[in-house]
1. Output the residue which, of all residues in the range 73-87 that are touching a helix residue (DSSP H, G or I) at 6+ places or on another chain (Cβ under 8 Å) and not β-branched (Val, Ile, Thr), is surrounded by the most Cβ atoms within 10 Å (Cβ to Cβ).
2. Report, by residue number, each residue of the range 2-24 that is closer than 13 Å to residue 296 by Cα and in contact with a Leu (Cβ under 6 Å, 6 or more places away or on another chain).
3. Quick check on residue 233: is it at pLDDT below 95, aliphatic (A, V, I, L, M) and closer than 26 Å to residue 209 by Cβ?
4. Given the conditions (1) at pLDDT 95 or above; (2) assigned by TED's automatic domain parsing to the domain that holds residue 228; (3) of a type in the set (D, E, K, R), report the number of the one that residue 167 does not fulfil.
5. For the range 57-71, state whether one or more residues are closer than 15 Å to residue 124 by Cβ, more than 18 Å from the chain's Cα centre (by Cα) and among the hydrophobic types (A, V, I, L, M, F, W, C).
6. Give the residue that is surrounded by the most Cβ atoms within 10 Å (Cβ to Cβ), with candidates limited to residues of the range 159-213 that are under 25 Å from residue 313 (Cα atoms) and of a type in the set (Val, Ile, Thr).
7. Condition test on residue 261, is it under 22 Å from residue 326 (Cβ atoms) and assigned by TED's automatic domain parsing to the domain that holds residue 161?
8. Scan the range 244-283 for residues that are within 25 Å of the chain's Cα centre (by Cα), more than 29 Å from residue 161 (Cα to Cα) and among the aromatic types (Phe, Trp, Tyr) and jot them down.
Amino acid sequence: MAQKLGVIGTGFAWDRLHYPAIKQLGDQYEIAAVCNKTIDKAQGFAQGIGLAPENVYSDYRELLARPDIDVVDVLVPISENYEVAKDVLLAGKDLIAEKPFASTPEAAQELIDLKNRQMRKVLVAENYRYDEGNTIIKDIITSGQIGEVFSFLYSKGANFEADMLGDTFAAKEWRQHPTFPGGIFLDGGIHDIALMRYLFGEVAQVSAQGRPQTESYCPYRCITALLRFDSGIIGTYCYDSKGTEPIKPPVGLRIYGTLGSIYLESSTCGTIQICYNDGRSEQRSFTPGRGYYNELLNFYQGDILSTPEKELGDIELIHDILAAIQEDAAQEWL
């Protein structure tokens, strides 16, 4: 039986990420009500799918008061995630929360405690944990196909200033002038953090440096973190907030094992390369962008992979990296 879905926030993330997946999951979800602060956006969407006007709201609390809503999908600015998620749980609804579902570890823990008291089902929609390419890499590592993994390099860039000028997520004022710690490093870098923890486990030690900048969207032009995991794996993660890597092929994600290595150029490339020490090589293909479908299907089926507890670990690691940079603040950049 399809669950009756309420949607809070009908902007970019809903239109471009969640709704295309929901359309493929018609047997699992029925859109019962939608809400947006700018109500004409919600009205336009509702008209497009034949949803009656009485199911459209500008105040999400009115939507939450409806007894027929089973689950609520929350897609609001990061600074609003905590309050809206809290109200959803207090209303006794199950929750699909966009990442990060809170800006600080303390707020995330409060939501986890509330979730447990209310006995609600909660998914944090971290699509990197559901991406087909990342799942294949996880299977390769777990199976021992490249032997024991001992290190990795992960380089990620975001040409945020160029993206601000287009019809993109970066064009949003709340992303350009964020009120939450870390700016777009928390917003976008948390995907990378989730992927590394998904592949390699829990982090035991962090050291990091960052090059400060005056731009408000991120406190650092670039961040480099050295991470040691409980498993003994060590790796370098580099995040550039001001540009993507022009050299081809880029560093991307490179994972080194005792029998071979894995290379993923990007989450959208569709191909994983595996090279073995004996000279053999192979490629594994995947369909990019399936993480959104997979996460929403996982929520419906239960046994949730991307739990609030895992997301708390992601948020904590973001804050640990920022704290490690501040501890190294004696270094002056000219």
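The values are calculated or read from the model by the stated rules, or taken from the named source; none is laboratory data. All figures in this text were calculated on a predicted structure; none of them were measured in a lab. In this analysis, Cβ positions are derived from the backbone assuming ideal geometry, glycine residues included, and neighbour counts consider all displayed protein chains.
1. Residues of the range 73-87 that are touching a helix residue (DSSP H, G or I) at 6+ places or on another chain (Cβ under 8 Å), as a first pass: 73-79, 82, 84-87.
Of the ones still in play, those that are also not β-branched (Val, Ile, Thr) are 73, 75, 77, 79, 82, 85-87.
On the way: 73: 27, 75: 23, 77: 19, 79: 12, 82: 21, 85: 29, 86: 17, 87: 16.
Out of the qualifying residues, it is 85.
2. Going through the range 2-24, the residues closer than 13 Å to residue 296 by Cα turn out to be 2-3, 5, 14, 17-24.
If the condition is that a residue be closer than 13 Å to residue 296 by Cα and in contact with a Leu (Cβ under 6 Å, 6 or more places away or on another chain), then 14, 21 are the ones that fit.
3. Values: at pLDDT below 95: no; aliphatic (A, V, I, L, M): yes; closer than 26 Å to residue 209 by Cβ: yes.
For residue 233, the condition - at pLDDT below 95, aliphatic (A, V, I, L, M) and closer than 26 Å to residue 209 by Cβ - is not met.
4. Residue 167 satisfies every listed condition except (1).
5. First, the residues of the range 57-71 that are closer than 15 Å to residue 124 by Cβ: 71.
When the remaining residues are screened for being more than 18 Å from the chain's Cα centre (by Cα), the result is 71.
Filter again for among the hydrophobic types (A, V, I, L, M, F, W, C), leaving 71.
Yes - at least one qualifying residue is present in the range 57-71.
6. In this case the residue turns out to be 193.
7. On the way: under 22 Å from residue 326 (Cβ atoms): no; assigned by TED's automatic domain parsing to the domain that holds residue 161: yes.
So residue 261 does not fit the description; no.
8. From the range 244-283, those within 25 Å of the chain's Cα centre (by Cα) are 244-246, 249-256, 262-273; that's our starting set.
After this cut, where a residue has to be more than 29 Å from residue 161 (Cα to Cα) as well, the list is 255-256, 262, 272-273.
Within the range 244-283, just 256 meets the criteria.
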